[in-house]
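S.K.: Starting off with a structure, shown below.
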Amino acid sequence: MYAFVLQANRGTVKPTGNFNTSADAEVLHKAMKGLEYDDNLEEDICGDTSGHFKRLLVILLQGNRQTGIQEGNIEADAQALFKAGEEKYGTDEQSFVTILGNRSAEHLRKVFDAYMKMSGFEIEESIQRETSGNLRALLLAVVKCARSIPAYFAESLYYAMKGAGTDDATLIRVMVTRSEVDMLDIRKEFRRLFACSLHSMIKGDTGGDYRKALLLLCGGDDA
């Protein structure tokens, strides 16, 4: 469901698209070879990371998520997450890694609803309290993508342009990689979440040929 790129600067995690099957993991491996990387990507991740962060990255890279909704496991998964965090002194990170790394997006959305009813907390709140560092960032990214990939990218674009300066790397990466995938959905979510259009924010935050290129990728104004 998700492809994550581990950058050289110690564990920056970026979703790069839909990552639905093990076939996509194979495509990613082949892409690395096509770029003349001799190393095995999984070996590189294992060498550069550690702990539960490494385990979750490897699970996501392998792309062996369950399919569909496992109705009989929804309550059990929600209970397991609750016992692993809010109900426990300390945190059982492995339970978060196992459930969030292996269940389908549709199943996880059901689990998140059950978790909210059971605990009174959104799963994001518990992850914020119970985890930290790179693992927290990766778990939150997985949750956001499970809820809505277009909303995740809309948020990424907004914060790339919000405030002083522009995160050009994120802005370019998302606009280029999503322009022919789900840009219309991203624009819709951007408008819903931030009460302005993606087109207008790009226009106000960039200039020159750079602006023109980004607006072409955006494709229209939803003002």
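S.K.: When you check Met175 against the structure, is it modelled with pLDDT of 95 or more and more than 28 Å from Asp113 (Cα to Cα), yes or no?
M.R.: yes
S.K.: So, one more: Do we find a residue being under 26 Å from Gly219 (Cα atoms) and either assigned by TED's automatic domain parsing to the domain that holds Arg55 or outside any helix (DSSP H, G or I) (or both) anywhere in segment 155-163?
M.R.: Yes.
S.K.: Now a separate question. If the requirement is being under 30 Å from Gly68 (Cβ atoms) and in contact (Cβ under 8 Å) with a residue 24 or more places away in the chain, which of these qualifies: Leu217, Leu139? Explain how you work it out, then say what you get.
M.R.: Details: Leu217 fails: under 30 Å from Gly68 (Cβ atoms).
Being under 30 Å from Gly68 (Cβ atoms) and in contact (Cβ under 8 Å) with a residue 24 or more places away in the chain holds for just one of Leu217, Leu139, which is Leu139.
S.K.: Which of the residues belonging to segment 60-91 are under 21 Å from Thr131 (Cβ atoms) and surrounded by 17 or more Cβ atoms within 10 Å (Cβ to Cβ)?
M.R.: Leu60, Leu61, Arg65, Asp77, Ala78, Ala80, Leu81, Phe82, Ala84, Gly85, Glu86, Thr91
S.K.: Please pick out the residue among Ile59, Ile127, Ile69 that is within 23 Å of Pro150 (Cα to Cα), part of a helix (DSSP H, G or I) and touching a Ser or Thr at 6+ places or on another chain (Cβ under 9 Å).
M.R.: Selected residue: Ile59, the only one of Ile59, Ile127, Ile69 that is within 23 Å of Pro150 (Cα to Cα), part of a helix (DSSP H, G or I) and touching a Ser or Thr at 6+ places or on another chain (Cβ under 9 Å).
Listed here are the residues, each with its yes/no results for (1) under 21 Å from the mean Cα position of the chain (by Cα); (2) part of a helix (DSSP H, G or I).
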site: Arg136; (1), (2): yes, yes
site: Lys144; (1), (2): yes, yes
site: Pro150; (1), (2): yes, yes
site: Leu171; (1), (2): yes, yes
site: Val176; (1), (2): yes, yes
site: Glu189; (1), (2): yes, yes
site: Cys196; (1), (2): no, no
site: His199; (1), (2): no, yes
site: Ile202; (1), (2): no, yes
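S.K.: What do you reckon, is Val142 crowded, with 20+ Cβ neighbours inside 10 Å and within 18 Å of Gln62 (Cα to Cα)?
M.R.: On the way: crowded, with 20+ Cβ neighbours inside 10 Å: yes; within 18 Å of Gln62 (Cα to Cα): yes.
When the stated conditions are applied, Val142 passes them.
S.K.: Run down Ser119, Ser132, Ser200 and say which single residue is surrounded by fewer than 20 Cβ atoms within 10 Å (Cβ to Cβ), within 20 Å of Glu93 (Cβ to Cβ) and in contact (Cβ under 8 Å) with a residue 12 or more places away in the chain.
M.R.: Details: Ser132 fails: in contact (Cβ under 8 Å) with a residue 12 or more places away in the chain; Ser200 fails: within 20 Å of Glu93 (Cβ to Cβ).
After applying the criteria, what remains is Ser119.
The values are calculated or read from the model by the stated rules, or taken from the named source; none is laboratory data. Model, not experiment: these values are computed from the prediction. Using ideal geometry, Cβ is built from the backbone for each residue, glycine included, and neighbour counts are taken over all protein chains shown.
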